Each structure stands twice: as C-alpha cells, then as structure tokens.
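Report on one structure; see the data block that follows.
The values are calculated or read from the model by the stated rules, or taken from the named source; none is laboratory data. The structure presented is a predicted model; accordingly, all values stated were derived computationally and were not measured. Here the Cβ positions follow ideal geometry from the backbone for every residue, glycine too, while neighbour counts run over all protein chains shown. For the accessible areas, the whole protein counts, side chains as well, though only heavy atoms, and no ligand, DNA or RNA atoms are used. Shrake-Rupley method; radii C 1.70, N 1.55, O 1.52, S 1.80 Å.
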Amino acid sequence: DVKVTQSSRYLVKRTGEKVFLECVQDMDHENMFWYRQDPGLGLRLIYFSYDVKMKEKGDIPEGYSVSREKKERFSLILESASTNQTSMYLCASSLMETQYFGPGTRLLVL
Amino acid sequence: AQKVTQAQTEISVVEKEDVTLDCVYETRDTTYYLFWYKQPPSGELVFLIRRNSFDEQNEISGRYSWNFQKSTSSFNFTITASQVVDSAVYFCALSEDLYGNKLVFGAGTILRVKS
C-alpha cells in the first residue's frame with residue numbers, strides 16, 4: 001500500500017511566522033505535490049517536484065516555496081505566514097499517472 | 001484552459017438510494033486523464049478511478065459505476081444502494097499531462113447518506 005504521511009494534522013501559527021509542512025512517502029515515487037484545499041474551490045496545486053532538487057510552480061505558488069533534498073521527503077515552506085494562508089494542505093505522490101494523498105494538515109494562521 | 005465543473009454542491013439521500021454525482025470537464029487536448037477521489041471526514045483523499053480519454057468504456061466496481069461520455073464531456077459517478085459509509089466529499093479531476101501531473105480539480109460534491 002502507498003503511504004503518504006504529513007508531519008502534523010493540525011497547526012496554529014501567528015502571522016509572520018515561518019512555517020514548515022513536511023511530507024514523506026515510502027514508495028519511491030518520483031513525483032510529489034503540494035495542494036491547498038478551500039471550500040468551494042476544490043484543490044489547487046501549489047508546487048510539484050519530479051525529482052530531487054527539481055520543482056515546478058503550480059497554479060498558486062505565491063507566498064510559498066518548497067524543498068526536496070531527498071526523494072521521499074517534500075517540504076512546503078511559508079516564509080511569512082499570512083491569514084489568507086489558513087487552509088487545508090494536502091501532499092501527494094504519484095505513480096503511473098495516479099496521485100496518492102496524505103491525510104492533510106489543517107493550518108490556522110492567527 | 002482546462003476546467004472541471006461539479007455543479008452539485010451537496011446531495012442528501014437516504015440509505016439504499018442510488019445517487020449520481022455529475023462531472024463536466026473542458027479541455028482542448030485529445031489526450032487526457034479523468035479521475036474521481038473520495039474524501040471521507042478523516043481528510044485523506046482516496047483514489048477511486050482513473051480513465052484515459054481513449055477509453056470510453058463504462059466501468060463498474062461493486063456498488064460504484066462510472067459513465068464516461070466524450071460527446072458531452074462528462075464523467076459521472078453513480079453509487080448504487082448507498083450506505084452511510086459513502087458519506088464524504090467526492091472530487092472529479094482532469095489532467096492533460098500524460099504523466100498525471102497538474103491535476104485540475106472540481107469544487108467537490110458533499111454526499112450525505114442518512115440512515
């Protein structure tokens with residue numbers, strides 16, 4: 001079974017803090033993804049990575065950066081958290097055109 | 001530009017009823033993938049099905065079935081004899097990328113199945 005884990009289920013941060021969201025997959029997948037999910041908008045792609053140290057912007061990269069130093073780990077970084085980044089963040093990894101998702105991190109920025 | 005529309009925001013049914021979730025997509029490509037995912041209250045998206053644009057055969061998996069019609073750009077999902085455990089948010093998604101990257105999701109349909 002594919003296993004994608006995220007470091008936290010719930011997170012509360014203050015405006016201006018630097019926030020790290022971690023994602024780990026155990027299936028040696030090449031591709032990894034970060035999405036945010038907001039009511040009425042579905043999931044929107046922030047960034048994805050198709051190899052170690054390789055990344056590509058998704059549809060809404062502003063305010064975010066990513067890091068992939070090891071194949072199994074993909075980090076999403078909010079350099080200076082803002083209230084409009086309060087959301088559910090979902091990580092995924094893919095094999096053969098299908099993406100498998102982690103449980104999500106619900107981030108609240110106060 | 002690609003787009004996925006799930007016009008039904010929320011559907012409520014009583015257990016054992018059949019229910020169909022609609023999905024309409026827009027794409028200029030002739031080669032693409034369509035997906036359905038289920039998101040139960042736990043939050044994790046669960047992959048249900050992938051269909052490529054060259055395969056218009058309908059698919060059945062237990063109580064789940066999918067109707068893909070290129071002529072109407074629709075990929076509808078039917079649950080037969082619904083159960084309370086089917087309560088979830090269901091997402092339809094489209095990828096023009098041959099590797100399945102860059103998924104575009106619909107807004108999702110909340111399905112509530114009451115006992």
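Observations on the structure shown:
- Other residues within the sphere of radius under 12 Å centred on the Cβ of A:LEU78, judged by their own Cβ, net out at +1 (K and R +1, D and E -1).
- With the convex hull constructed from alpha-carbon coordinates only, the protein assembly as shown shows a mean projected area of 12.2 nm² over all directions.
- 24 Å Cα-Cα reach of B:LYS38 towards lysines, excluding residues that sit fewer than 8 places from it in its own chain: A:LYS3, B:LYS3, B:LYS16, B:LYS70, B:LYS102, B:LYS114
- Net charge, B:ASN101 excluded, C-beta distance under 9 Å - Lys, Arg +1, Asp, Glu -1: -2
- Once backbone amide H atoms are built at 1.01 Å from N, B:TYR32 has B:SER53, B:PHE54 as its partners under 5 Å, excluding neighbours fewer than 5 places away on the same chain.
- Reciprocal of mean inverse Cα separation for chain B (Kirkwood radius, Å): 14.3
- Phi angles of segment A:74-82 translate, via the Karplus equation with coefficients 6.51, -1.76, 1.60 and θ = phi - 60°, into HN-Hα couplings of 9, 10, 10, 10, 9, 4, 8, 4, 10 Hz per residue; Gly and Pro are given as x.
- Max mean-square fluctuation residue, GNM over chain B, Cα-Cα springs under 10 Å, options B:ARG63, B:ARG50, B:ARG28: B:ARG28
- Gyration tensor verdict on segment B:1-57 (Cα atoms; rounded if a/c is under 1.5, prolate if a/b is larger than b/c, oblate otherwise): prolate
- In this simple spin-label approximation, B:GLN69 and A:ILE77 carry label points 7 Å from Cα along the Cα→Cβ vector, and these lie 5.0 nm apart.
- Remark: spin-label model distance A:LEU41-B:GLU26 equals 1.9 nm, labels positioned 7 Å along the Cα→Cβ axis.
- Charge dipole (chain A, unit charges on Cβ, about Cα centre) - positive-most of A:TYR64, A:SER80, A:SER94: A:SER80
- Shape call, segment A:36-85: gyration tensor on alpha carbons, a/c limit 1.5: prolate
- Accessible surface, 1.4 Å probe, highest first, among residues B:PHE47, A:PHE101: B:PHE47, A:PHE101
- Here chain A is described by how far its Cα atoms reach on the three principal axes: 38, 27, 24 Å, from widest to narrowest.
- Segment A:1-46 shape via C-alpha gyration tensor axes, a/c threshold 1.5: oblate
- Radius 13 Å from Cβ of B:ASN52, net charge of other residues (Lys, Arg +1; Asp, Glu -1): -4
- Extension gain for A:TYR50-A:GLU69 works out to 5.6 nm (0.36 nm per residue, less the C-alpha to C-alpha distance).
- Residue-level accessible surface for A:THR83, protein heavy atoms, 1.4 Å, Å²: 90
- Per-residue SASA entry for A:ILE77, accessible area with 1.4 Å probe, Å² rounded to 10: 20
- Among B:TYR99, B:TYR64, B:TYR25, residue whose mean-square fluctuation peaks in a GNM of chain B (springs only between Cα atoms under 10 Å): B:TYR99
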